[in-house]
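The values are calculated or read from the model by the stated rules, or taken from the named source; none is laboratory data. Just so you know, these numbers come straight off a predicted model, no measurement behind them. Cβ atoms come from the backbone with ideal geometry, glycine included; neighbour counts cover every protein chain shown. We work out accessible area using only protein heavy atoms, side chains counted, and drop any ligands, DNA or RNA first. Shrake-Rupley method; radii C 1.70, N 1.55, O 1.52, S 1.80 Å.
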Amino acid sequence: MFCKKCGTEISDGTKFCPSCGTQLEEGKEVESYMNVSAKSRLVALLFGIFLGGIGVHNFYLGHASKGIAKILMKVFGLILYIAGIVKLATDTYSYPYSGGSIAAFSGMMRFGLLVMWIPSIWAFIEWILIACGKAKDVKGLPVTKWQ
């Protein structure tokens, strides 16, 4: 039998969960292990820390659309940033200090950086949810197991 809160295996006759300390009531203390995700919370946390900006933890938990959205935002932001640099480097009409074109393309570069940072901030928020045990896999099951 398994604890319904944390998924730890429990022996019969136990009054409290040895892992999370939840008081167990007779007949209600345990649920099938199927009510907890098979995905590891630790693996999701590590993916979120090191590769969260490109959504690897989302792919691991089965949320491929979120992962693809993060990758596309990173790529689009990088394209904007590089286009701004190229335009500034090749713009001979407004050089050296006319301001118009330089301001517009440095703005494009700033917007590209912002678009590249949004997935990282989004991943940080998801990382906090994973750490708190509030994340769910694609089936809607909570990701609470550490192994």
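Each row is one residue, and each column tells you yes or no for (1) within 29 Å of Glu9 (Cβ to Cβ); (2) modelled with pLDDT of 95 or more.
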position: Val43; (1), (2): yes, yes
position: Met73; (1), (2): no, yes
position: Ala89; (1), (2): no, no
position: Ser98; (1), (2): no, no
position: Met109; (1), (2): no, no
position: Ile118; (1), (2): no, yes
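Looking at segment 49-69, is at least one residue within 17 Å of Gly112 (Cβ to Cβ), modelled with pLDDT of 95 or more and basic (Lys, Arg)?
No, the conditions are met nowhere in segment 49-69.
Kindly indicate whether Val30 is at pLDDT below 95 and either exposed (fewer than 13 other Cβ atoms within 10 Å of the Cβ) or more than 19 Å from Val138 (Cα to Cα) (or both).
Details: at pLDDT below 95: yes; either exposed (fewer than 13 other Cβ atoms within 10 Å of the Cβ) or more than 19 Å from Val138 (Cα to Cα) (or both): yes.
Criteria met by Val30.
Of the conditions (1) surrounded by fewer than 17 Cβ atoms within 10 Å (Cβ to Cβ); (2) modelled with pLDDT of 80 or more; (3) β-branched (Val, Ile, Thr), Thr14 satisfies every one except a single condition; which number is it?
For Thr14, the exception is condition (2).
Can you tell me how many residues in segment 107-145 are open to solvent by less than 70 Å² (accessible area, probe 1.4 Å) and assigned to a loop (DSSP other than H, G, I, E, B)?
The total comes to 8.
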